[in-house]
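The values are calculated or read from the model by the stated rules, or taken from the named source; none is laboratory data. Note that this is a predicted model, so its numbers are computed, not measured. Glycine also receives a Cβ, built like all others from the backbone with ideal geometry; neighbour counts cover every protein chain displayed. In case anyone asks, the SASA skips ligands and DNA or RNA and just uses the protein heavy atoms, side chains included. Shrake-Rupley method; radii C 1.70, N 1.55, O 1.52, S 1.80 Å.
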Amino acid sequence: MSNAEAKTGRPLSPHLQVYRWPITMTVSILQRVTGGALYFGTLLLAWWAIAAAAGPGPFSWVSWVFGSWIGLLVLFGYTWALMQHLLGGIRHFVWDFGAGFSKPARDNLAWANIIGSAVLTILIWVVALAVR
């Protein structure tokens, strides 16, 4: 058998278009990504606090940046990342007690994490915009 014949007989690796990610893997990846995003979002909050301490000029400029459509989009993303990471932490806390390890329980916790973070983010923004 030649080298070319051996290569054609091998199965191909599954690609992202073929492979279906389990919901638990998706939430696990989101937990890591949102953890990293929270570092950068916290820098934005520090920028806001420093601007508030620096006086009305810098604070009004930072408020203008955060009040722009892109600033609001970034703050919305930061809120979602915070809620996603918080609920992921609660999911891990449940596991620390030895609960939720069956396949249906893991999947339900993962879906609750995703749906809960979206609902909490929207609720926070509805309340914040209503108070504004």
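For the chain, the solvent-accessible area works out to 72 Å² per residue, with a probe of 1.4 Å and every protein chain left in place.
Provide the three semi-axes, in whole Å and in decreasing order, of the ellipsoid equivalent to the chain as defined by the square roots of 5 times the Cα gyration tensor eigenvalues. The partial results should precede the final answer.
On the way: eigenvalues 340, 103, 35 Å².
Rounded to whole Å, the semi-axes are 41, 23, 13.
The angle separating the long axis of helix 103-131 from the principal Cα axis of greatest extent in the chain is about 20 degrees. Angle of helix 56-67 to the longest C-alpha principal axis of the chain, folded into 0 to 90 degrees and rounded to 10: 40°. Please find the FRET efficiency linking TRP47 to HIS92, where r is the Cβ-Cβ separation and R0 is fixed at 30 Å, and quote it to the nearest 0.05. Computed FRET efficiency for TRP47 and HIS92: 0.50. Which of these, GLY36, GLY55, GLY67, has the largest mean-square fluctuation under a Gaussian network model of the chain (Cα springs below 10 Å)? Its mean-square fluctuation being the largest, the pick is GLY55.
Can you compute the helix-only [θ] at 222 nm over the chain? Use -39500 (n - 2.57) per DSSP H run of at least 4 residues, normalise by all residues, nearest 500 deg cm²/dmol.
On the way: 5 runs with 107 residues, N = 132.
Computed mean residue ellipticity for the chain: -28000 deg cm²/dmol.
Compared with the dominant principal axis of the Cα atoms in the chain, helix 69-96 is inclined by about 60°.
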